[in-house]
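Notes follow the structure.
The values are calculated or read from the model by the stated rules, or taken from the named source; none is laboratory data. This one's a predicted model, so the numbers in the text were calculated from it and none came from an experiment. Positions of Cβ are backbone-derived with ideal geometry, glycine not excepted, and every protein chain shown enters the neighbour counts. The area values use the complete protein model at the heavy-atom level, side chains included, leaving out ligands, DNA and RNA. Shrake-Rupley method; radii C 1.70, N 1.55, O 1.52, S 1.80 Å.
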Amino acid sequence: MSLRDDWRRTRAIAMKDLTTEIRAKAGFNGVASLAVTILILLGLALGPDAAALRNAAVGAVWLATLFSGVLAFNRSFQVELESGALEPLLLYPGPRWPIFAGKLLGNLIFVGLMVLIVMLVGIVLFGITVPDTWPELLAVVALGVVGLVVLGTFYASMSSRSRAREVLLPLLLFPMLVPVLLAATTASKALLGADLMHEAGAWIRLLIGFDTLFLVATFLAFEHVIEA
Amino acid sequence: MNVFEMDRNFVIAAYSVMWVVVLGYLVRLIRKGSRARTDYDGMVGANGGEKP
Amino acid sequence: MPDISSDRSAATPPPRTSVWLGFVAFAAVIFAQTFSILTSPADRDMGHLQKIMYVHVPAAWMTFLAFLVVFVYSMRYLWKQNENDDLLAASAAEVGAVFNGLTLMLGMIWGRPAWGVWWVWDARLTSTLVLFLIFVGYLALRAFVDDSVQRAKWSAAVGAIGAINVPIVYMSVKWWRTLHQPQSSPGTLDPAYTLGLRLNAIALLLVLIYFIRKRYEIARLERAIEDFAQAAAMGGK
């Protein structure tokens, strides 16, 4: 098996998941609507003072992303489990990591689109002026989403097959995401301001380190986790 | 009540919490352990000392 | 799913934890606490409050030690697939969670009179709290998964990955705080204080060892009982 074949399998699984999502849009629409609803509720709970809202905007966007994103991860494995498709998938020869990579890619696109919607709504609702440093801001968001999706997909591969998966996944995932949450919110806040202290760079490096470390760790661990 | 007396109450509180937690867990372990041991011995006895 | 590894756990009978280890451990704690309370002078700045440190600091050390055991035995399980390693990791996780909870409570009891608040979002406090949450998740995973092989493999992965995250959490919270306000520095250490601290740490280490061994014994017994029940169910059919 060459790396090309592995990549083909990765792509096939991601495409399959995305096709399923596109055919039945209910899943994405539901999760994205929930994210926007959470954002609105946070706005109501923290408002109506405009300055306070602007301060809280970054945190609100990230929390809405976390709380609704967690629903996407269990879904991606649940679809396989309900149709009994995971076992035949495991029977194919070759390494198992393309399964993880495929799920990861599918979830990345799913959550990435959701975050874009949440951000746009957040900018409008919380009265954010988009700064000149928006490419860096997008990079922070992308790195944060990668961290969220890597750990989310990995833990969902277990929690989706346990009892009480709805409770278990956030319980496992959220404490692990503390560095991502801190880095992403602090860096975003710095970039929305003038970033006078040049904090954003250090946080971006932390995010890159976090993503790389856990990407490697989860790929190594997935083989053990999926066959059990 | 002066500051030192108040401090002493916090010290007493800390040591009390420590002993309640540690002894509480100890009691839990001992009870759970003796129950598990009885069950295990009963099952070994029922099997005539044979392992499954 | 066929359970092959259960053969291995049945190969050796569950160990017995010596009662004497427990006695010695608790006697050591009583001795260390009495000694340190009697000998330590009241601190210049903190007065009697500093005596809380004799239990708080060793409890924190034991927490980290217990989770180090979880990490090591989780990795060992993933490597060798010996079920006993999984049971030991789980035992250390439960005991570690107890010490972790204790550390947090004692920290708050210290913080209220010393800083005037029950909680500050300082790097050490916050990362200890996050560590607690990570291992609550670990124990919840074990409670929610019935198949013993799945439980072992999954919790080993969660334990190892969770432990990797601990230094990162610490670092991130530290940056998050220090970029906004300077870190508070610990006071100077009296030599008498250091001796008391060491004695208490050794005593608590004995308690930790006793707890983990006792918990491991129970885990092995329960596992053996499960195997008996399974064998009986198979034979009955």
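Calculate the spin-label point distance for B:Ala13 paired with A:Ser33, positioning each point 7 Å from the Cα along the beta-carbon direction, and give it in nanometres.
Once both label points are built, they end up 4.9 nm from each other.
Can you pull out the chymotrypsin sites (Phe, Trp or Tyr not before Pro) in the range A:147-209 that DSSP calls coil and that have at most 13 other Cβ atoms within 10 Å?
Those that pass, being in a loop and sparsely packed, number zero.
Under 27 Å from the Cα of B:Lys32, which lysines turn up, not counting those fewer than eight places away in the same chain?
B:Lys51, C:Lys153, C:Lys214
With each pseudo-label sitting 7 Å past Cα toward Cβ, what's the C:Thr12-A:Gln78 distance in nm, one decimal?
Label-label distance for C:Thr12 and A:Gln78, simple model: 4.4 nm.
Modelling each spin label as a point 7 Å along the Cα-to-Cβ direction, I'd like the A:Glu87/C:Trp20 distance in nm, to one decimal.
About 5.4 nm separates the two model spin labels.
Please give the Cα centre distance for the range A:1-49 versus the range A:93-142, rounded to the nearest Å.
9 Å
What shape does the range A:3-227 take by its C-alpha gyration tensor, where a ≥ b ≥ c are the square roots of the eigenvalues and a/c under 1.5 counts as rounded, a/b above b/c as prolate, and the rest as oblate? Spell out each step's value before the answer.
Values: a/c = 2.15, a/b = 1.66, b/c = 1.30.
It is prolate, given that a/c is not under 1.5 and a/b is the larger ratio.
If DNA, RNA and ligands are ignored and the probe is 1.4 Å, what is the ranking of C:Thr103, A:Thr129, C:Thr39 by accessible area, most exposed first?
Working: C:Thr103 10, A:Thr129 110, C:Thr39 70 Å².
Correct descending sequence by accessible area is A:Thr129, C:Thr39, C:Thr103.
Which FRET efficiency value, to the nearest 0.05, is calculated for B:Arg35 and C:Met234 with the Förster distance at 35 angstrom and r the Cβ-Cβ distance? Mind dumping the intermediate values first?
Values: r = 25 Å, r/R0 = 0.70.
The pair B:Arg35/C:Met234 has a calculated efficiency of 0.90.
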